[in-house]
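Single-structure report; data block below.
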Amino acid sequence: MDNTIKCLIIGGGPAGYTAAIYASRANINPVVIEGLQPGGQLTTTTEVENFPGYPDGVTGPQLVDDIKRQAIKFGADIRQGNVDKVDLSVRPFTVTVGKEELKAHSIIIATGATARYLGLPDEQKYMGMGVSACATCDGFFYRNRTVAVVGGGDSACEEALYLSSLAKKVYLIVRKPYLRASKVMQQRVLQNEKITVLFSCETLSLFGEEVLEGAKLVQNRGTEEEQTFDISIDGFFLAIGHTPNTALFKEWIDLDDQGYINLHTSTTATNVKGVFAAGDVADPHYQQAITAAAMGCRAALDAENYLLENNI
Ligand code: NDP
């Protein structure tokens, strides 16, 4: 019996599950490898207010679970597992998941992106003891305490606002003299009495005996107003963007200089015929749940066309 999968989707976030909805409805029997912590970045967000169809908002985990349930309803085969290796040199393609080798005629890469760290040596030292890249996961431990969030984008604002509902005080450390976040998020942050925004500010180091006790910051570096000072904090949250999860594919798939997958045409096709990409892994610009879902839809339609054109 030929066990070759027609459409293998790697990644269990809004892009992967949406691709699975469309691919199931197209009868190409998709298999989704959703990773060991399925749900992607939506599982670490709080309220999602801008996904169409949820006028009252929805939590990130609920939203991603809803999309997944919809895929299952149409027959998608969703499996937990970590993809360890891919070989795109021979068709059908080979995807290794633990001890299992899967063969696939087409692949949709929807592996998303992972939170970035500053690269300070102390970040690893205090990891789990004050340093975190997920306020919704760890914020609870900082009830009535003082925390800092690094970053000036929507994620940083969202994290700062979430933490302000728990913590006594929140510093937002922004390296530029302005916030990059959307206007509505900026307003909420700037109007929040618990949040102090430190503009033009960088983190030099973290300190503390066993657990984190504070951070050394420099403000207005390289100007006449440059000053170095310490803040006392119990928690240090990174929200400085993401790195695309493309390491597995870099041998075969064209990436841009930041590691995002290059899409060569106006479709979701990569440079390897039969391999498509959707969501944050191929999108350095928009990175929204809705744009990831839309790309998932497009990738499934592209995979369906590819299979049809090749009589598979
Ligand atoms: P962004 O890339 O938008 O922002 C990253 C922030 O981190 C920037 O302010 C950047 O500074 C700062 N930064 C990067 N590197 C460093 C560093 N080494 N030191 C200090 N600061 C640093 O990432 P986000 O994760 O915030 O957002 C990604 C995308 O997801 C965006 O399109 C955003 O709109 C979207 N998003 C939407 C949400 C929503 O609508 N609810 C929620 C969360 C994210 P600088 O500005 O100087 O480059």
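Every number here is computed from the coordinates shown, using simple stated rules; none is lab data. Computed from a prediction, not measured in an experiment: that's the story for all the values here. Using ideal geometry, Cβ is built from the backbone for each residue, glycine included, and neighbour counts are taken over all protein chains shown.
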For this session: Work out, step by step, the length gained on full extension between residue 285 and residue 252: first 0.36 nm times the residue separation, then minus their alpha carbon distance; give nm to one decimal.
Result: 9.6 nm
Exercise. Could you give me the ³J(HN,Hα) list for segment 165-170, computed from phi with Karplus coefficients 6.51, -1.76, 1.60 and θ = phi - 60°, whole Hz, x at Gly and Pro?
Worked result: 7, 10, 7, 6, 8, 10
Seminar exercise, completed: With label points set 7 Å from each Cα along the Cα-to-Cβ direction at residue 101 and residue 225, the distance between them in nm comes to 6.3 nm
Problem set entry | Under the span-like rule (Cα at least 24 Å along the axis, Kyte-Doolittle mean at least -1.0), DSSP H helices of the chain | 289-309
Exercise. Taking a ≥ b ≥ c as the square roots of the eigenvalues of the Cα gyration tensor of segment 117-238, is the shape rounded (a/c under 1.5), prolate (a/b larger than b/c) or oblate?
Worked result: oblate
Exercise. Restricting to the chain, what percent of DSSP beta bridges are antiparallel, rounded to 5?
Worked result: 50 percent
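Please arrange 129, 1 by counting, for each residue, the other beta carbons lying within 10 Å of its beta carbon, fewest first.
1, 129
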For this session: State, as an integer percentage, the relative contact order of segment 117-238 based on alpha-carbon contacts under 8 Å between residues 6 or more apart.
Result: 29 percent
Exercise. So how do 73-85, 150-162 stack up, highest first, on mean other-Cβ count within 10 Å?
Worked result: 150-162, 73-85
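What is the order of 145, 298, 69, fewest Cβ neighbours within 10 Å to most? Write out the running numbers ahead of the final one.
Numbers: 145 15, 298 22, 69 10.
If I rank by nearby Cβ atoms, fewest first, I get 69, 145, 298.
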Exercise. Once fully extended, how much extra length lies between residue 37 and residue 196, figured as 0.36 nm per residue of separation less the alpha-carbon to alpha-carbon distance?
Worked result: 53.9 nm
Exercise. Farthest toward the dipole's positive end in the chain, which of 208, 63, 229, given Cβ charges of +1 (Lys, Arg) and -1 (Asp, Glu) about the Cα centre?
Worked result: 63
Exercise. To the nearest 0.05, how large is the calculated FRET efficiency for residue 182 and residue 311 if R₀ is 35 Å and r is the Cβ-Cβ distance?
Worked result: 0.15
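For the pairs 125/194; 168/216; 73/250; 125/250; 6/68, note any where the Cα-Cα span goes beyond 22 Å.
Working: 125/194 28 Å; 168/216 20 Å; 73/250 34 Å; 125/250 30 Å; 6/68 19 Å.
In this structure, 125/194; 73/250; 125/250 lie more than 22 Å apart at Cα.
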Exercise. Counting pairs of alpha carbon atoms under 8 Å apart in space and at least six apart in sequence, what relative contact order in percent does the chain give?
Worked result: 21 percent
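May I ask for the net charge around residue 217, where only other residues with Cβ less than 12 Å from the Cβ of residue 217 are counted and Lys, Arg are +1 while Asp, Glu are -1?
On the way: positive: 175, 216, 221; negative: 202, 226, 230.
Net charge in that neighbourhood comes out at 0.
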Problem set entry | Added length on full extension, which subtracts the Cα-Cα distance from 0.36 nm per residue, residue 271 to residue 29 | 84.7 nm
Problem set entry | Inter-label distance, nm, simple model (7 Å from Cα along the C-beta direction), residue 74/residue 216 | 5.6 nm
